[in-house]
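A quick write-up on the structure given underneath.
Read-outs: derived from the displayed coordinates by stated rules, not from any lab. Please read all numbers here as calculations on a predicted model, not as lab measurements. Cβ atoms come from the backbone with ideal geometry, glycine included; neighbour counts cover every protein chain shown.
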Amino acid sequence: MPFTKGMTPINKGKKKDEWKRSKIYTKICPACKKEIKTKRENQIYCNNICYSISEKLHQYSKSSSMIRNNAYKKYHQGHKHSEITKEKIRNNPFRHSFVKGGENPGKNKSPETISKIKEKRLYQKMLKKDTQPEIIIQKLLNALNVKFVKHKPITDIPHKYQCDIFISPNIIIECDGDYYHKYPKGREIDKIRTLELENKKYKVLRLWENEIHNNIESCKNKILGLIK
């Protein structure tokens, strides 16, 4: 019966420990044989794991109309495909995005189309967020009141790419991760791009991740020396 205006609350004038409390039932779980205390009178098992391995669930699944009347019941009992069926699945044309044994569809694109795709990708920011070394250098540049652009596409060299930090008119700062850029040797493509950039009159400064984390003062001096 819902409480309405004018009715007297059942706990009026009583202390908290005098309120009506739920009855606690003590039972033995039939699966793990452990004693459980519960407020639910109809609870039998201590948790879902015990229920899943219980005889009750096993018997229910055997007598379930959904399984008993299932025309494909055999597939629920560890049925294995025959070799003929397996061969049909392997050779199904819809199993692959392109015909099995054929060439990747990307190979059918013309050099002009591939070039356009690469050009478009130059203007897409691949990473969801800047790396930690990049953020540290960005904060340093902000503290020095140096204006910069992040991930600017460099398109006037043969190996086009997005630089980490660009300072107008011609300064590029790369924050190279130790693992990805193969410290201390460096990647071949990085060396090639550095030469191409220098031939185009860019000033290139490459800072290693460990240097940024452990010797930020040295990085600061290098940047100031490059800007001046």
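Things worth noting here:
- Distance (nanometres) between label positions extended 7 Å along Cα→Cβ at K129 and L226: 2.5 nm
- Simple Cβ-charge dipole of segment 22-63, Lys/Arg +1 and Asp/Glu -1, about Cα centre, in debye nearest 20: 140 debye
- Cα lying deepest toward the dipole's positive end in segment 22-63, options S54, T38, I28, charges on Cβ: T38
- With the simple model of a label 7 Å out from the Cα in the direction of the Cβ, E87 to E217 spans 7.6 nm.
- Inter-probe distance in nm under a simple model that places probes 7 Å from Cα toward Cβ, at I10 and S52: 3.8 nm
- Amide H contacts of Q162 (H built 1.01 Å from N, in plane; Pro and chain starts excluded): I154 sit under 5 Å, all sequence-distant by 5 or more or on other chains.
- Length gained when the stretch Y25-K37 is fully extended (0.36 nm per residue, less Cα-Cα span): 3.8 nm
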